[in-house]
Amino acid sequence: MAEPRRQLLMSERDVERALARMAREIVERNHGVADLVILGIQRRGVQLAERIALEIERAEGQPPPVGSLDITLYRDDLTAIGPRPVLGETRLPDGGIDGRTLVIVDDVCYTGRTARAALDELADFGRPGRIYLCVLIDRGGRELPIQPDIAGRAVEVHAAERVEVLVPELDGRLAVELLTPEDATA
């Protein structure tokens with residue numbers, strides 16, 4: 001199988017600008033940082049959540065608590081991923097989530113199923129006052145009626161194409177690329 005063609009959608013600087021803008025929008029919607037919690041979805045959503053929290057700290061002088069969600073056991077396709085799924089860590093901040101404003105951060109919003117799984121998991125831990133969905137890339141193609149509240153960038157992507165968010169902690173660099181199979185028709 002041939003390697004897909006890669007096209008740069010967002011450079012490191014583009015991603016940094018988008019995350020800074022998203023952080024400002026989060027603070028604005030929440031009217032500050034009181035009772036604000038940033039939760040990244042494993043894997044790359046966690047690294048993006050940490051970057052957003054740093055931007056908020058830079059602007060507001062105090063960091064919001066940051067946690068992580070591993071939605072693996074809440075996926076609706078769990079039986080399709082095999083008998084031994086690899087589990088990451090769900091880490092919620094001290095004080096729980098009841099009544100707080102949560103921002104779920106993910107790298108790409110596509111079908112809406114990942115966000116639905118995150119909402120299902122959070123329901124097991126309490127009742128937040130408000131939840132925002134924040135994604136770096138909204139690629140469209142929803143299968144569920146779930147839309148991001150805050151998106152770094154919306155892109156039109158063919159169903160055969162894939163959007164890949166790269167983070168230094170896992171990939172060695174910060175960028176967003178579009179992967180197109182060699183045999184995809186335009």
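Quick notes
- Expressed as a whole percent, the proportion of Cα-Cα pairs in region 131-176 lying more than 14 Å apart is 58%.
- Between Leu179 and Arg5, full extension at 0.36 nm per residue minus the direct alpha carbon distance yields a gain of 62.1 nm.
- Relative to the 2.2 N^0.38 Å rule of thumb, region 12-79 has a C-alpha radius of gyration ratio of 1.23.
- On Cα atoms only, tilt of 12-30 relative to the major axis of the chain in degrees: 40 degrees
- Surface/4 estimate of mean projected area, convex hull on alpha-carbon atoms of region 85-125, nm²: 3.8 nm²
- Counting 0.36 nm for each residue step from Val155 to Glu16 and taking away their Cα separation leaves a gain of 48.3 nm.
- Estimated vicinal HN-Hα couplings, Hz - region 120-132 in sequence order (Karplus 6.51, -1.76, 1.60; Gly, Pro = x): 4, 5, 4, 4, 6, 9, x, 10, x, x, 7, 10, 10
- Inter-part distance where region 162-182 and region 1-60 are each reduced to a Cα centre, Å: 15 Å
- Ranked list, fewest to most other Cβ atoms within 10 Å of each Cβ, for Asp76, Asp35, Asp106: Asp76, Asp35, Asp106
- Peptide packing for 27-34, 68-75 was compared via the average number of neighbouring C-beta atoms within 10 Å per residue; ordered from the highest value, the list is 68-75, 27-34.
- Dipole magnitude for the chain: about 180 debye, using +1 per Lys or Arg Cβ and -1 per Asp or Glu Cβ, origin at the Cα centre.
- Relative contact order of the chain, pairs being alpha-carbon contacts under 8 Å that are 6 or more residues apart, as %: 27 percent
- Listed residues Glu161, Glu25, Glu50, most fluctuating in the chain (Gaussian network, C-alpha, under 10 Å): Glu161
- For region 1-155, the equivalent ellipsoid derived from the alpha-carbon gyration tensor has semi-axes of 24, 21, 14 Å in decreasing order.
A short reminder: the numbers here are calculations on the coordinates, not readings from a lab. Since this is a predicted model, take the numbers as computed values, not measurements. Note that each Cβ is placed from the backbone with ideal geometry, even for glycine, and that neighbours are counted across all protein chains shown.
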